[in-house]
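S.K.: Got a structure here, written out as structure tokens. Questions coming.
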Amino acid sequence: MSGEQTDEHMEKYKGTAKVAVNELKVLPDQVIKALEDHKQLYLSDPEQAHYWDPAVIGVPGGPVSCLLLEYTGRKSGKPLSMAIQYYRLDGHVAIVASKGGIEDQPLWYLNLLEKPECVVHIGSEVFDASARVATPDERARWWPVIEEEQPMQKIYQERTSREIPVVVLDPVGAAS
């Protein structure tokens, strides 16, 4: 994606300050504000926002690597975006649909199931991607990496009866 396209994307998603409001209804106001501030920082200074300390929302463990995900609302058709922790394994990138271990799937996950085309920002790197749920064998390889990097994911998995999905973000046009 060229620099001009990157600027275009940034401008397009700056207006999505109320991204996934339904997603955040269960969170305290200060958590919602911290998440929104992080997303806005990603839009203005992606290198600074790439590493973020979720202690500001009560998640221990220190700074984690985050990406900015642009996706489309399955009902509204509107562009949405959010910053989320990501993981790397064997040259692949994945995110986790834990939603703090509650029973409901995150809305962003449901949106990606229906419309897997997305744009991923990792720091200042930007690429088109297609989201897919990891196969059971892939998830078995991903999950120990995820738990090691973010121990809260183990707690979230124990908290819920659903198997928390691992979502792989495959670059469009890249060989698998």
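S.K.: Can you give the local net charge around G61? Use residues other than it whose beta-carbon is closer than 14 angstrom to its beta-carbon, Lys and Arg +1, Asp and Glu -1.
M.R.: -3
S.K.: On to the next question. Subtracting the Cα-Cα distance from 0.36 nm times the residue separation, let me have the gained length for T135 to E149 in nm, one decimal.
M.R.: Full-extension gain reported as 3.0 nm.
S.K.: Shifting gears a bit: For R88, R162, what ranking results if the residue with the fewest other Cβ atoms within 10 Å of its Cβ goes first?
M.R.: If I rank by nearby Cβ atoms, fewest first, I get R88, R162.
S.K.: A further question follows. Going by average Cβ density within 10 Å per residue, which order do the peptides 92-98, 143-149 take, highest to lowest?
M.R.: The most tightly packed comes first, giving 92-98, 143-149.
S.K.: Sticking with the crude label model, points 7 Å out along Cα→Cβ, report the distance from E117 to S44 in nm, one decimal please.
M.R.: Each label point lies 7 Å from its Cα, and together they span 3.1 nm.
S.K.: So how far apart, in nm, are the two label points at Y51 and D90 if each is 7 Å from Cα heading toward Cβ?
M.R.: Distance between the two pseudo-spin positions: 2.8 nm.
Every number here is computed from the coordinates shown, using simple stated rules; none is lab data. Because the structure is predicted, anything quoted here is derived from the model rather than measured. Methodologically, a virtual Cβ is constructed for each residue, glycine included, from the backbone with ideal geometry; neighbour enumeration extends over all protein chains shown.
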